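Structure record follows, encoded as structure tokens.
What follows is calculated from the coordinates using simple rules that are stated; it is not laboratory data. Quantities reported herein were computed from a predicted structural model and do not represent experimental measurements. All Cβ positions, glycine included, derive from the backbone under ideal geometry; neighbour counts span all protein chains shown.
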Amino acid sequence: MADNNSNLITELHKLMDGGTAHAGLDDALKDLPASQRGERPYGLPYSIWQLVEHIRIAQWDMLEFCKDGNHQSPKWPDEYWPKEAVPASEDDWDRSVTQIKTDLHELMELVGTEDLYKPIPHGSGQTLLREALQAADHTAYHTAEIIVLRRLLGSWKS
């Protein structure tokens, strides 16, 4: 059983870090022109900045939920999506991308050290396994949207 758990943790880490069957967030953001962070081509309702910030907020919320019984989630959907299409500064962009990486690393550490199947005490049946899969799925979904936006903007080289 220990080997199966170890294999599961290894595969979860791969999935959370971008998977093996799709591009990861680092790939999707690599060489992105700063001028395209706030573009909304073809009337789309969101920009790359809004997607990145949404990934950050949602992943942070999932991580904090796993760790802290007193954590209060942001109000859905208003507080999960930034209103501004463009980051206020280069520092805001860098902070958001850095927090995504930091929080992902922390979630991956939890996956490697905690019981994946034990219900989270302050939840309603959620487990760390569920939260890790949800975080990976959520990030992959929005990473694909970033790549589509980059294709529409002409800056994705596949």
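Here are a few things to note about the model shown:
- Highest-fluctuation residue, LEU12, LEU32, LEU63 considered, GNM on the chain with Cα pairs under 10 Å: LEU32
- Spin-label pair TYR141/ASP91, simplified geometry with 7 Å Cα→Cβ offset, distance in nm: 3.3
- GLU106/ASP31 FRET efficiency (R0 22 Å; Cβ-Cβ; nearest 0.05): 0.25
- Additional length obtainable on full extension of the chain from HIS22 to GLN126, 0.36 nm per residue less Cα span: 34.8 nm
- Value of relative contact order over the chain, rounded to a whole percent, pairs C-alpha under 8 Å and six or more apart: 33
- Simple spin-label estimate for TYR117 and GLN99 in nanometres, 7 Å along Cα-Cβ: 3.5
- Most mobile listed residue (ALA34, ALA21, ALA136) in the chain, GNM with C-alpha springs under 10 Å: ALA21
- Close Lys-Lys pairs in segment 2-153, where close means Cα under 16 Å and separation is 8 or more or interchain: 4
- Put simply, the convex hull of the Cα atoms in the chain casts, on average, a shadow of 10.0 nm².
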